[in-house]
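The values are calculated or read from the model by the stated rules, or taken from the named source; none is laboratory data. The structure presented is a predicted model; accordingly, all values stated were derived computationally and were not measured. All Cβ positions, even for glycine, are placed from backbone atoms using ideal geometry, and neighbour counts span all protein chains on display. Remember, those area values only see protein heavy atoms, side chains included, never the ligands or the DNA or RNA. Shrake-Rupley method; radii C 1.70, N 1.55, O 1.52, S 1.80 Å.
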Amino acid sequence: MSNLGTLYGLGVGPGDPELITVKAFRVIQESPVIAYPRKRKGSKSYAQRIVDAYIRPGEKDMLGLVFPMTKDQVILDREWNKAVELVYEKLQEGKDVAFVTEGDPLLYSTFIHMMKLMQELHPEIEIKTVPGISSFNGSASRLGIALADGDDHVAIIPATDDYAAMKKALEDHDAVVFIKVAKVMDLMIQVLKELNLYDKASVVTKVTSDEEVIWTMDELEDAELEYLTLMVVRK
C-alpha cells in the first residue's frame, strides 16, 4: 500500500492568507491535489480563496467537492460517499491530497466527517492533519480581547435557539465564543440584555479576511449577517 497517497486535513486559518502556518504552506506546495468544499453556484469557497494566494493557475489539480446543506440523510449519505470516492481516486494514483478548511481541521470542520468516512471505507489510507488558527483566535486578536487569564473558563459554543442553554453558557464561563450566531442574533441580544452583558459582547464576520466586518451591537438589529459570523462575550 506504499504507493497510496496521503490525505491531509489542512487548516488554513480564519481568512487572512498570511495566517496559514509554515507547515500548511509546505503541504500546499508539495501536494499535487488540493481538495476544497465547492459551492454549487460556482463562486469560490472561503477556504479556496485563502489558499489562492499560494497556488498558480493550472499548477494543481483542484478538486472541488460539494457538501449539501440539508438534513435529508439519503442525500447526505449519497453526496458524502461521492466526495470520499473522488478523493480516494486521487489517493489510489499515489497522489497526496490536501483538503483545505478554514480555521482548524479538527474543530467544527467539514474535514472531520471526511476523515471518519475515509477511515471507515478505506482504512488503508494514511491521514494527517495540520492545525490552523481558528476564527476565535483571530477574533480575539482583531478585537483586542484576552479570552482567558489565570483560571478563567472559556467556552466555544454553537449558538442555538435554546434560550436557557445560551443563558447558562454565559453564566458558567468567563468568556464565550458563540459560532453560527447569525441565525439566532435576536435571541442572543435578549439573553445579553437579561444578564447585563450587552456591552460585553462583540460580533465579527469573516474575521481577518478582506471582507471582515466588525459590528457595533447597535447595528445588529436590522443587519443581514453571513454564516461566518461569531460573537465574543468577555465578562
Might you work out the accessible area of THR110 for me, using a 1.4 Å probe with all protein chains in place, and round it to the nearest 10 Å²? 50
Using the crude model of +1 on Lys and Arg Cβ and -1 on Asp and Glu Cβ, and no other charge, please compute the dipole size for the stretch 189-235 relative to its Cα centre, in debye to 20. 460
How big is the shadow of the Cα convex hull of the chain, averaged over all directions, in nm²? 14.3
Between LYS235 and GLU93, take the C-beta separation as r, use R0 = 41 Å, and let me know the FRET efficiency to the nearest 0.05. 0.20
Förster radius 41 Å - calculated FRET efficiency between GLU79 and THR216 (Cβ-Cβ, nearest 0.05): 0.55
Count of lysine pairs in the stretch 138-235 with Cα separation under 23 Å (8 or more residues apart, or interchain): 19
Helix 163-172 axis, angle to the chain major axis (alpha carbon atoms, nearest 10°): 80
Can you compute the modelled spin-label distance between GLN190 and MET69, with each label point 7 Å from Cα toward Cβ, in nm? 2.4
In a shell of Cβ-Cβ distance under 12 Å around ALA165, excluding ALA165 itself, what net charge do Lys and Arg (+1) and Asp and Glu (-1) give? -2
Determine the gain in length on full extension of the stretch TYR198-LEU225; use 0.36 nm per residue of separation and subtract their C-alpha separation, reporting nm with one decimal. 7.9 nm
Sequence of ILE157, ILE125 from largest to smallest accessible area, 1.4 Å probe: ILE157, ILE125
Quick check on the chain: of the DSSP beta bridges with both residues there, what percent are antiparallel, nearest 5%? 35
Hey, can you find the accessible area per residue of the stretch 78-201 for me, probe 1.4 Å, expressed in square angstrom? 50
